[in-house]
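The values are calculated or read from the model by the stated rules, or taken from the named source; none is laboratory data. Keep in mind it's a predicted model, so treat the numbers as computed, not measured. We place every Cβ from the backbone using ideal geometry, glycine too, and count neighbours over all the protein chains shown.
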Amino acid sequence: MAKNIRAFTLVELLAVIAILAIIATITVPIVLNALQTSRSSAFEDNALSLSKAADNYYTSLTLSTNTKLPLLVTFNNQKETNKYLNNSNKNCETSNERTLEYTGQNPDSGNIFIDNNGDVYIAIYNKATGDCAIKNPGDKKVTITKKDPSECKLDKSPC
């Protein structure tokens, strides 16, 4: 006696595939948007962390006689270079040491400038999101805009 084997028809399989395609069409943009939002939020938090680190750097230097102000921290491909006026010998110096103590990743490019009065200027760029974070003295928040990396820089020099 032969058993009756029941299988899916081609129409049933196509219906399931169509339903899965509709679900994917709806959910993929939502997930991608959530990822982009979290990347931008992490970049904004990183910029605020850098701003606090710059404030802390200035505060710590007020207790020292060998100050390195004004200071320009430049990021290029996540590598940090510092240019400052060494007030003990009045020479303009450059260093590759990490000057600012902060948690988080170095920005892809941009600058942080700390002047003699402790005012902090920030313009840093995130390649993954195309965001530029700008913060000027007195700003409570970081302003995030879409800019070209060449436009996301400061025109300040310590020397």
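Data for the structure
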item: Candidate set: the stretch 1-49, residues that are more than 30 Å from G130 (Cβ to Cβ) and among the charged types (D, E, K, R); chosen: the one modelled with the lowest pLDDT; result: K3
item: Condition met for L72 (in contact with a strand residue (DSSP E or B) (Cβ under 9 Å, 6 or more places away or on another chain) and under 27 Å from D131 (Cβ atoms)); result: yes
item: Selection count, the stretch 62-116, where residues are small (G, A, S) and either exposed (fewer than 12 other Cβ atoms within 10 Å of the Cβ) or in a loop (DSSP other than H, G, I, E, B) (or both); result: 3
item: Residues located in the stretch 130-155, provided they are part of a loop (DSSP other than H, G, I, E, B), over 15 Å from A42 (Cα atoms) and among the small types (G, A, S); result: G138
